[in-house]
Amino acid sequence: MSTGGSLRARVELLERRLRKGDAQRRAMRHIMSDLNEFNKRLTDQRKAMLHILADYEEDRRRLARQTERLDNSRRALLHLLQDSHTDTLHLEASRKAMIHIMGDLRETTAEMQRREQELREKQEQLVQAGKLATLGELTTGVAHELNNPLNNTALFVGNAIDLIELGATDHGRTVRELRRAMQQVRKATEIISHLRTFGRAAPASREVISLKQVIEQALSLLEQQLRLREVEVTLDLGPEEPVVLGNPIQLEQVFINLLTNARDAVADAPRKAIRISGAVVAGAVEVAVADTGHGIPPELERRIFDPFFTTKEVGKGMGLGLSITYGIIKEHGGTISVVSPPGEGAAFLIHLPLAA
(Lines give C-alpha, C1' and ligand atoms only; values in the text may rest on other atoms or scores of the structure.)
Protein backbone atom coordinates (compact mmCIF):
# COMPACT_ATOMS: atom_id res chain seq x y z
CA MET A 1 0.00 0.00 0.00
CA SER A 2 2.69 2.24 0.89
CA THR A 3 4.66 1.17 -2.22
CA GLY A 4 1.73 1.73 -4.60
CA GLY A 5 0.92 5.06 -3.04
CA SER A 6 4.46 6.22 -3.34
CA LEU A 7 4.54 5.25 -7.01
CA ARG A 8 1.35 7.13 -7.76
CA ALA A 9 2.68 10.08 -5.97
CA ARG A 10 5.79 9.96 -8.11
CA VAL A 11 3.72 9.49 -11.26
CA GLU A 12 1.57 12.45 -10.35
CA LEU A 13 4.69 14.42 -9.58
CA LEU A 14 6.12 13.50 -12.97
CA GLU A 15 2.83 14.33 -14.64
CA ARG A 16 2.74 17.66 -12.85
CA ARG A 17 6.31 18.26 -13.91
CA LEU A 18 5.51 17.28 -17.50
CA ARG A 19 2.48 19.51 -17.55
CA LYS A 20 4.57 22.27 -16.08
CA GLY A 21 7.34 21.53 -18.60
CA ASP A 22 4.80 21.60 -21.44
CA ALA A 23 3.45 24.87 -20.14
CA GLN A 24 6.98 26.23 -19.92
CA ARG A 25 7.75 24.85 -23.36
CA ARG A 26 4.63 26.45 -24.79
CA ALA A 27 5.49 29.65 -22.98
CA MET A 28 9.02 29.38 -24.37
CA ARG A 29 7.64 28.79 -27.88
CA HIS A 30 5.48 31.89 -27.47
CA ILE A 31 8.47 33.77 -26.15
CA MET A 32 10.63 32.52 -29.06
CA SER A 33 7.88 33.38 -31.51
CA ASP A 34 7.59 36.83 -30.00
CA LEU A 35 11.37 37.09 -30.01
CA ASN A 36 11.52 36.11 -33.68
CA GLU A 37 8.82 38.65 -34.48
CA PHE A 38 10.72 41.26 -32.53
CA ASN A 39 13.94 40.33 -34.35
CA LYS A 40 12.13 40.71 -37.67
CA ARG A 41 10.84 44.11 -36.64
CA LEU A 42 14.27 45.02 -35.35
CA THR A 43 15.85 43.90 -38.66
CA ASP A 44 13.32 45.96 -40.60
CA GLN A 45 13.97 48.90 -38.33
CA ARG A 46 17.73 48.46 -38.80
CA LYS A 47 17.27 48.35 -42.58
CA ALA A 48 15.10 51.44 -42.40
CA MET A 49 17.70 53.06 -40.17
CA LEU A 50 20.41 52.16 -42.69
CA HIS A 51 18.34 53.75 -45.46
CA ILE A 52 17.79 56.80 -43.28
CA LEU A 53 21.51 56.93 -42.51
CA ALA A 54 22.32 56.60 -46.22
CA ASP A 55 19.85 59.36 -47.07
CA TYR A 56 21.24 61.44 -44.25
CA GLU A 57 24.78 60.93 -45.52
CA GLU A 58 23.70 61.85 -49.04
CA ASP A 59 21.89 64.89 -47.70
CA ARG A 60 24.96 65.77 -45.64
CA ARG A 61 27.20 65.49 -48.69
CA ARG A 62 24.71 67.49 -50.77
CA LEU A 63 24.55 70.11 -48.04
CA ALA A 64 28.37 70.16 -47.88
CA ARG A 65 28.54 70.72 -51.63
CA GLN A 66 25.91 73.46 -51.45
CA THR A 67 27.75 74.99 -48.54
CA GLU A 68 30.98 74.88 -50.56
CA ARG A 69 29.23 76.49 -53.54
CA LEU A 70 27.71 79.06 -51.25
CA ASP A 71 31.14 79.79 -49.79
CA ASN A 72 32.58 80.06 -53.28
CA SER A 73 29.74 82.36 -54.29
CA ARG A 74 30.27 84.41 -51.16
CA ARG A 75 34.01 84.68 -51.86
CA ALA A 76 33.28 85.54 -55.50
CA LEU A 77 30.79 88.16 -54.34
CA LEU A 78 33.40 89.57 -51.99
CA HIS A 79 35.89 89.70 -54.86
CA LEU A 80 33.28 91.34 -57.05
CA LEU A 81 32.52 93.87 -54.35
CA GLN A 82 36.23 94.53 -53.89
CA ASP A 83 36.74 94.79 -57.64
CA SER A 84 33.68 97.01 -57.90
CA HIS A 85 35.09 99.24 -55.19
CA THR A 86 38.44 99.27 -56.93
CA ASP A 87 36.74 99.95 -60.26
CA THR A 88 34.78 102.73 -58.63
CA LEU A 89 38.01 104.23 -57.37
CA HIS A 90 39.57 103.77 -60.82
CA LEU A 91 36.47 105.24 -62.44
CA GLU A 92 36.61 108.22 -60.14
CA ALA A 93 40.30 108.64 -60.89
CA SER A 94 39.61 108.21 -64.60
CA ARG A 95 36.79 110.75 -64.41
CA LYS A 96 39.08 113.24 -62.70
CA ALA A 97 41.80 112.52 -65.24
CA MET A 98 39.26 112.95 -68.05
CA ILE A 99 38.20 116.30 -66.59
CA HIS A 100 41.84 117.40 -66.54
CA ILE A 101 42.34 116.10 -70.07
CA MET A 102 39.24 117.92 -71.31
CA GLY A 103 40.46 121.09 -69.64
CA ASP A 104 43.87 120.71 -71.22
CA LEU A 105 42.22 119.93 -74.56
CA ARG A 106 40.12 123.09 -74.37
CA GLU A 107 43.17 125.15 -73.51
CA THR A 108 45.17 123.49 -76.29
CA THR A 109 42.34 124.05 -78.77
CA ALA A 110 42.09 127.70 -77.78
CA GLU A 111 45.86 128.05 -78.07
CA MET A 112 45.83 126.36 -81.49
CA GLN A 113 43.03 128.63 -82.67
CA ARG A 114 44.92 131.67 -81.42
CA ARG A 115 48.14 130.54 -83.10
CA GLU A 116 46.23 129.69 -86.28
CA GLN A 117 44.73 133.18 -86.28
CA GLU A 118 48.19 134.70 -85.72
CA LEU A 119 49.59 132.56 -88.53
CA ARG A 120 46.75 133.63 -90.84
CA GLU A 121 47.36 137.28 -89.99
CA LYS A 122 51.10 136.91 -90.59
CA GLN A 123 50.42 135.14 -93.86
CA GLU A 124 48.11 137.97 -94.92
CA GLN A 125 50.82 140.47 -93.97
CA LEU A 126 53.32 138.46 -96.00
CA VAL A 127 50.97 138.39 -98.99
CA GLN A 128 50.44 142.14 -98.66
CA ALA A 129 54.21 142.70 -98.47
CA GLY A 130 54.62 140.62 -101.61
CA LYS A 131 51.98 142.71 -103.39
CA LEU A 132 53.68 145.96 -102.37
CA ALA A 133 56.99 144.60 -103.63
CA THR A 134 55.29 143.68 -106.92
CA LEU A 135 53.79 147.17 -107.16
CA GLY A 136 57.25 148.61 -106.67
CA GLU A 137 58.50 146.58 -109.64
CA LEU A 138 55.47 147.65 -111.71
CA THR A 139 55.94 151.37 -111.07
CA THR A 140 58.05 152.00 -114.17
CA GLY A 141 55.66 150.22 -116.50
CA VAL A 142 52.61 151.87 -114.96
CA ALA A 143 54.24 155.27 -115.33
CA HIS A 144 54.54 154.62 -119.05
CA GLU A 145 50.94 153.38 -119.17
CA LEU A 146 49.73 156.57 -117.50
CA ASN A 147 52.00 158.84 -119.52
CA ASN A 148 50.31 158.06 -122.85
CA PRO A 149 46.70 158.84 -121.81
CA LEU A 150 47.85 161.97 -119.97
CA ASN A 151 49.73 163.25 -123.04
CA ASN A 152 46.77 162.44 -125.25
CA THR A 153 44.40 164.15 -122.84
CA ALA A 154 46.55 167.29 -122.90
CA LEU A 155 46.65 167.18 -126.71
CA PHE A 156 42.89 166.80 -127.15
CA VAL A 157 42.08 169.44 -124.54
CA GLY A 158 44.60 171.79 -126.16
CA ASN A 159 42.93 171.29 -129.54
CA ALA A 160 39.55 172.10 -128.03
CA ILE A 161 40.91 175.26 -126.40
CA ASP A 162 42.46 176.37 -129.69
CA LEU A 163 39.16 175.86 -131.49
CA ILE A 164 37.29 177.86 -128.88
CA GLU A 165 39.86 180.69 -128.87
CA LEU A 166 39.80 180.89 -132.68
CA GLY A 167 36.04 181.24 -132.59
CA ALA A 168 35.45 178.16 -134.66
CA THR A 169 31.85 177.71 -135.62
CA ASP A 170 32.22 173.93 -135.93
CA HIS A 171 31.20 173.03 -132.37
CA GLY A 172 31.00 169.34 -133.32
CA ARG A 173 34.77 169.16 -133.77
CA THR A 174 35.31 170.79 -130.36
CA VAL A 175 32.97 168.25 -128.73
CA ARG A 176 34.81 165.35 -130.47
CA GLU A 177 38.17 166.59 -129.13
CA LEU A 178 36.76 166.83 -125.60
CA ARG A 179 35.21 163.35 -125.85
CA ARG A 180 38.58 161.93 -126.93
CA ALA A 181 40.11 163.64 -123.92
CA MET A 182 37.47 162.04 -121.66
CA GLN A 183 38.27 158.60 -123.11
CA GLN A 184 41.93 159.04 -122.19
CA VAL A 185 40.93 160.20 -118.70
CA ARG A 186 38.80 157.06 -118.25
CA LYS A 187 41.71 154.92 -119.42
CA ALA A 188 44.04 156.51 -116.87
CA THR A 189 41.36 156.19 -114.20
CA GLU A 190 41.00 152.45 -114.94
CA ILE A 191 44.75 151.94 -114.59
CA ILE A 192 44.88 153.80 -111.27
CA SER A 193 41.74 152.02 -110.00
CA HIS A 194 43.25 148.67 -110.89
CA LEU A 195 46.44 149.52 -109.02
CA ARG A 196 44.48 150.66 -105.98
CA THR A 197 42.38 147.50 -106.01
CA PHE A 198 45.42 145.30 -106.37
CA GLY A 199 47.41 147.19 -103.72
CA ARG A 200 44.88 147.04 -100.89
CA ALA A 201 44.53 144.05 -98.58
CA ALA A 202 42.41 141.34 -100.19
CA PRO A 203 39.21 140.40 -98.34
CA ALA A 204 38.76 136.78 -97.26
CA SER A 205 35.60 136.40 -99.35
CA ARG A 206 35.23 134.08 -102.33
CA GLU A 207 33.22 134.72 -105.48
CA VAL A 208 32.62 133.13 -108.87
CA ILE A 209 35.18 134.63 -111.25
CA SER A 210 36.46 134.11 -114.78
CA LEU A 211 40.04 132.84 -114.66
CA LYS A 212 40.71 134.32 -118.11
CA GLN A 213 39.69 137.75 -116.88
CA VAL A 214 42.02 137.42 -113.86
CA ILE A 215 44.95 136.49 -116.14
CA GLU A 216 44.17 139.36 -118.50
CA GLN A 217 44.14 141.80 -115.55
CA ALA A 218 47.58 140.54 -114.50
CA LEU A 219 48.85 140.90 -118.07
CA SER A 220 47.53 144.48 -118.26
CA LEU A 221 49.76 145.50 -115.34
CA LEU A 222 52.84 143.85 -116.87
CA GLU A 223 52.07 144.63 -120.49
CA GLN A 224 54.38 147.67 -120.75
CA GLN A 225 57.31 145.89 -119.05
CA LEU A 226 56.95 142.82 -121.27
CA ARG A 227 56.71 144.98 -124.38
CA LEU A 228 59.79 147.03 -123.44
CA ARG A 229 61.77 143.81 -122.88
CA GLU A 230 60.49 142.34 -126.13
CA VAL A 231 58.88 139.33 -124.48
CA GLU A 232 56.28 137.54 -126.60
CA VAL A 233 53.19 136.45 -124.61
CA THR A 234 50.45 134.10 -125.81
CA LEU A 235 47.26 133.20 -123.94
CA ASP A 236 45.16 130.16 -124.84
CA LEU A 237 42.73 128.68 -122.29
CA GLY A 238 40.80 126.60 -124.81
CA PRO A 239 37.24 126.93 -126.11
CA GLU A 240 35.67 126.77 -122.63
CA GLU A 241 36.03 129.76 -120.34
CA PRO A 242 36.96 128.29 -116.93
CA VAL A 243 35.11 129.74 -113.95
CA VAL A 244 36.43 129.18 -110.43
CA LEU A 245 35.36 130.11 -106.90
CA GLY A 246 38.06 132.31 -105.44
CA ASN A 247 39.45 135.70 -104.55
CA PRO A 248 40.21 137.68 -107.72
CA ILE A 249 42.90 139.90 -106.15
CA GLN A 250 44.79 136.92 -104.69
CA LEU A 251 44.60 134.91 -107.90
CA GLU A 252 45.74 137.94 -109.89
CA GLN A 253 48.77 138.13 -107.62
CA VAL A 254 49.49 134.47 -108.39
CA PHE A 255 49.74 135.13 -112.12
CA ILE A 256 51.64 138.40 -111.65
CA ASN A 257 54.23 136.48 -109.60
CA LEU A 258 54.49 133.72 -112.21
CA LEU A 259 54.70 136.21 -115.10
CA THR A 260 57.35 138.24 -113.27
CA ASN A 261 59.43 135.09 -112.72
CA ALA A 262 59.02 134.10 -116.37
CA ARG A 263 59.97 137.62 -117.47
CA ASP A 264 63.21 137.43 -115.49
CA ALA A 265 63.87 133.83 -116.64
CA VAL A 266 63.87 134.80 -120.35
CA ALA A 267 65.88 138.01 -119.87
CA ASP A 268 69.01 136.61 -121.58
CA ALA A 269 67.41 133.76 -123.53
CA PRO A 270 67.79 133.57 -127.35
CA ARG A 271 63.99 133.54 -127.69
CA LYS A 272 61.94 135.45 -125.15
CA ALA A 273 58.49 133.94 -124.96
CA ILE A 274 55.87 133.15 -122.33
CA ARG A 275 52.92 130.88 -123.02
CA ILE A 276 49.85 130.62 -120.80
CA SER A 277 47.69 127.64 -121.72
CA GLY A 278 44.83 125.87 -120.03
CA ALA A 279 42.13 123.25 -120.33
CA VAL A 280 39.12 121.99 -118.38
CA VAL A 281 39.58 118.41 -117.21
CA ALA A 282 37.26 116.42 -114.91
CA GLY A 283 35.70 119.29 -113.00
CA ALA A 284 38.91 121.27 -112.72
CA VAL A 285 40.98 123.70 -114.74
CA GLU A 286 44.66 123.11 -115.43
CA VAL A 287 46.74 126.17 -116.31
CA ALA A 288 50.40 126.10 -117.38
CA VAL A 289 52.68 129.15 -117.37
CA ALA A 290 55.73 128.16 -119.46
CA ASP A 291 58.79 130.17 -120.47
CA THR A 292 61.74 129.70 -122.85
CA GLY A 293 64.38 130.44 -120.22
CA HIS A 294 67.22 128.21 -119.05
CA GLY A 295 64.99 126.22 -116.67
CA ILE A 296 65.44 125.18 -113.06
CA PRO A 297 68.19 122.74 -111.97
CA PRO A 298 66.69 119.43 -110.74
CA GLU A 299 68.26 119.80 -107.30
CA LEU A 300 66.41 123.12 -106.78
CA GLU A 301 62.92 122.07 -107.91
CA ARG A 302 61.93 120.88 -104.43
CA ARG A 303 63.06 124.14 -102.81
CA ILE A 304 61.56 126.51 -105.34
CA PHE A 305 58.43 127.15 -103.22
CA ASP A 306 60.30 127.61 -99.91
CA PRO A 307 60.00 131.08 -98.33
CA PHE A 308 62.97 133.39 -98.98
CA PHE A 309 64.55 130.94 -101.41
CA THR A 310 65.70 132.63 -104.61
CA THR A 311 68.24 132.04 -107.37
CA LYS A 312 68.41 135.75 -108.22
CA GLU A 313 71.27 138.02 -107.30
CA VAL A 314 71.26 139.82 -103.95
CA GLY A 315 68.94 142.83 -104.08
CA LYS A 316 66.91 141.52 -107.04
CA GLY A 317 64.45 139.30 -105.25
CA MET A 318 63.14 138.48 -101.77
CA GLY A 319 62.24 134.85 -102.51
CA LEU A 320 58.58 135.39 -101.47
CA GLY A 321 56.78 135.32 -104.82
CA LEU A 322 56.54 131.56 -105.33
CA SER A 323 56.00 130.88 -101.62
CA ILE A 324 53.06 133.30 -101.58
CA THR A 325 51.79 131.78 -104.82
CA TYR A 326 51.92 128.28 -103.31
CA GLY A 327 49.97 129.43 -100.22
CA ILE A 328 47.25 131.17 -102.24
CA ILE A 329 46.71 128.19 -104.56
CA LYS A 330 46.53 125.84 -101.57
CA GLU A 331 43.96 128.07 -99.84
CA HIS A 332 41.84 127.84 -103.02
CA GLY A 333 41.85 124.04 -102.82
CA GLY A 334 44.31 123.64 -105.69
CA THR A 335 47.86 122.53 -106.32
CA ILE A 336 50.89 124.00 -108.05
CA SER A 337 54.01 122.23 -109.28
CA VAL A 338 56.92 122.89 -111.61
CA VAL A 339 58.45 120.85 -114.42
CA SER A 340 61.68 121.84 -116.08
CA PRO A 341 63.02 119.45 -118.72
CA PRO A 342 66.67 120.17 -119.57
CA GLY A 343 66.98 122.87 -122.23
CA GLU A 344 63.23 123.57 -122.43
CA GLY A 345 62.69 126.24 -119.80
CA ALA A 346 60.31 125.94 -116.84
CA ALA A 347 56.56 125.37 -116.72
CA PHE A 348 54.45 126.01 -113.60
CA LEU A 349 51.32 123.84 -113.54
CA ILE A 350 48.26 125.02 -111.59
CA HIS A 351 45.26 122.80 -110.82
CA LEU A 352 42.11 124.56 -109.50
CA PRO A 353 38.59 123.14 -108.95
CA LEU A 354 35.86 124.65 -111.09
CA ALA A 355 33.00 126.53 -109.49
CA ALA A 356 29.89 124.41 -108.99
Search result, residues across the range 45-87 that are modelled with pLDDT under 80 and among the hydroxyl-bearing types (S, T, Y): Y56, S84
Any hit, the range 113-136, residues being modelled with pLDDT under 60, more than 20 Å from I329 (Cα to Cα) and open to solvent by less than 60 Å² (accessible area, probe 1.4 Å): yes
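Given the criterion open to solvent by 100 Å² or more (accessible area, probe 1.4 Å) and aliphatic (A, V, I, L, M), identify the matching residue among L7, L42, L53.
Answer to the check: L7.
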Selection count, the range 267-292, where residues are open to solvent by less than 30 Å² (accessible area, probe 1.4 Å) and at pLDDT below 90: 1
The range 221-240: number of residues that are among the charged types (D, E, K, R) and either under 16 Å from I350 (Cβ atoms) or modelled with pLDDT under 85 (or both): 3
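The values are calculated or read from the model by the stated rules, or taken from the named source; none is laboratory data. Bear in mind the structure is a predicted one, so any value in this text is a computation, not a measurement. Cβ: placed from backbone, ideal geometry, glycine included. Neighbour counts: every protein chain shown. Each accessible area value is taken on the protein alone, full model and side chains, heavy atoms only, with ligands, DNA and RNA left out. Shrake-Rupley method; radii C 1.70, N 1.55, O 1.52, S 1.80 Å.
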